[in-house]
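Remarks on the structure that follows.
The values are calculated or read from the model by the stated rules, or taken from the named source; none is laboratory data. Everything numeric in this text was worked out from a predicted model, so none of it was measured. Positions of Cβ are backbone-derived with ideal geometry, glycine not excepted, and every protein chain shown enters the neighbour counts. SASA here: full protein model, heavy atoms, side chains in, ligands and nucleic acids out. Shrake-Rupley method; radii C 1.70, N 1.55, O 1.52, S 1.80 Å.
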Amino acid sequence: MGTSISIELSTHKKTKPLANERGFGTYFSDHMFIMDYAEGQGWYNPRVVPYQPISLDPAAKVFHYGQTIFEGLKAYKTGDGRVLLFRPRKNMERLNRSNDRLGVPHIDEDLALEALNALIKVDQDWIPEESGHSLYIRPYVIATQPALGVDASAEYKFMIIMSPVGNYYPEGVNPVKIYVENEYVRAVRGGVGEAKTAGNYAASLKAQEIAKQKGYSQVLWLDGVHRKYVEEVGSMNVFFKINGVVYTPALNGSILNGITRSSIIQLLRDWGLTVEETAISIEELFAAAQSGALEEAFGTGTAAVISPIGELNWKDEKAVIGGGVTGEISGKLYVTLTGIQRGLVPDPFGWMVEVEL
Ligand SMILES: *Cc1c(COP(=O)(O)O)cnc(C)c1O
């Protein structure tokens, strides 16, 4: 199969949003990438085309059985005009692990990265230059076979769309209040919590809404079996610094294996801190928060990078963490990781990949 990517340029350039209008994921660049799959044929027709609506049969399996995967990463423009991606191969590897879990055929990771490069090259003037801004990239797969039988689709589309995004924290990094969710769960071991698939997010919306109504930004998810062990915060991985040691829930099958998570573990260990990936019970955590032993807590993910937690509410009891201000490690991680991503500080682990323009 030929894998050369065809390129159809848009004849109409969209008006770009102003820096302060960007928000998150509301504007999309001029082009997109599409590749199709048919059983017996494999992936075919990789192409960059003008950004456009797609037409799907109402019976397409994705609408009925949720066979879909997504990824999320960012492109950053450096001061000297280069374009950098943060560990993009990790995203394509995870895409294939998610594909595996959802019965979706593998995608050649080199081809996916080539597609990404081709798309960014065509839309390079969409990459914001302001500090804290970037081009958010959303690769995803949907099952398109028009059939209601419950089995894996025989047809798919793999697409990539891109959105210029603003600063996640227009007023600077500030701690948020988190509600510990005791009833609903995000995912269970043996289910699809480890896959970046739509169902996990649909399952999280109701609890998120209730927390918002109570004045909290996000929920802290507990495990699906005992409601005892901490799993994630919102759609981010979570870290806690207790008496000088950093803890994060061990990957147990229901936790998403974040690329920011693994990078932060590597950075912290490089700085000489002890990081333990282990089961963390909410009881012990909350006691540590109340006694002051919990020095810092933060969520991690591509969108926000680091999101400090300033307060926990568990069963309507509250505990303030670190005086409600951003902790030293949280702040240092944010500055270091965003600095590496923007090419402002050395990249000791060779994480950044330069896009060929
Ligand atoms: C994407 C995601 C994360 C963070 O992963 P990154 O690779 O760091 O962006 C964490 N938890 C959930 C549920 C996610 O969907």
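A few remarks follow.
This table checks each residue for (1) modelled with pLDDT under 95; (2) open to solvent by less than 30 Å² (accessible area, probe 1.4 Å).
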residue: I5; (1), (2): no, no
residue: R22; (1), (2): yes, yes
residue: Y44; (1), (2): no, no
residue: H64; (1), (2): no, no
residue: Q67; (1), (2): no, yes
residue: A75; (1), (2): no, yes
residue: V83; (1), (2): no, yes
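- Qualifying residue in the stretch 140-158 (condition: surrounded by 15 or more Cβ atoms within 10 Å (Cβ to Cβ), in contact with a helix residue (DSSP H, G or I) (Cβ under 8 Å, 6 or more places away or on another chain) and in the same structural domain as W271 (by TED's automatic domain parsing)): no
- Of all residues in the stretch 46-62, those satisfying the criterion of being aliphatic (A, V, I, L, M) and open to solvent by 20 Å² or more (accessible area, probe 1.4 Å) are I54, L56, A59, V62.
- Evaluated against (1) within 16 Å of the ligand (Cβ to nearest atom); (2) part of a helix (DSSP H, G or I), E231 falls short on exactly one condition, (2).
- Leading residue by the ranking (nearest to V219 (Cα to Cα)) among those in the stretch 289-331 that are free of Cβ contacts under 8 Å to residues at least 60 places away in the same chain, open to solvent by 40 Å² or more (accessible area, probe 1.4 Å) and not in a strand (DSSP E or B): D316
- Within the stretch 197-218, the set of residues being in contact with a strand residue (DSSP E or B) (Cβ under 7 Å, 6 or more places away or on another chain), within 12 Å of the ligand (Cβ to nearest atom) and open to solvent by less than 10 Å² (accessible area, probe 1.4 Å) comprises T197 only.
- Restricted to the stretch 27-109, the set of strands (runs of 3 or more DSSP E) holding at least 2 residues that are assigned by TED's automatic domain parsing to the domain that holds V141 and within 18 Å of the chain's Cα centre (by Cα) comprises 68-70, 73-77, 83-86.
- Apart from one condition, E109 fits all of (1) touching a residue at least 24 places away in the same chain (Cβ under 8 Å); (2) surrounded by 13 or more Cβ atoms within 10 Å (Cβ to Cβ); the exception is (1).
- Residue check, I259 under 18 Å from P175 (Cα atoms), touching a helix residue (DSSP H, G or I) at 6+ places or on another chain (Cβ under 7 Å) and not assigned by TED's automatic domain parsing to the domain that holds S131: no
- Across the stretch 164-196, the qualifying residues are those that are outside any loop (DSSP other than H, G, I, E, B) and more than 15 Å from the ligand (Cβ to nearest atom), and the one among them that is nearest to the chain's Cα centre (by Cα) is P164.
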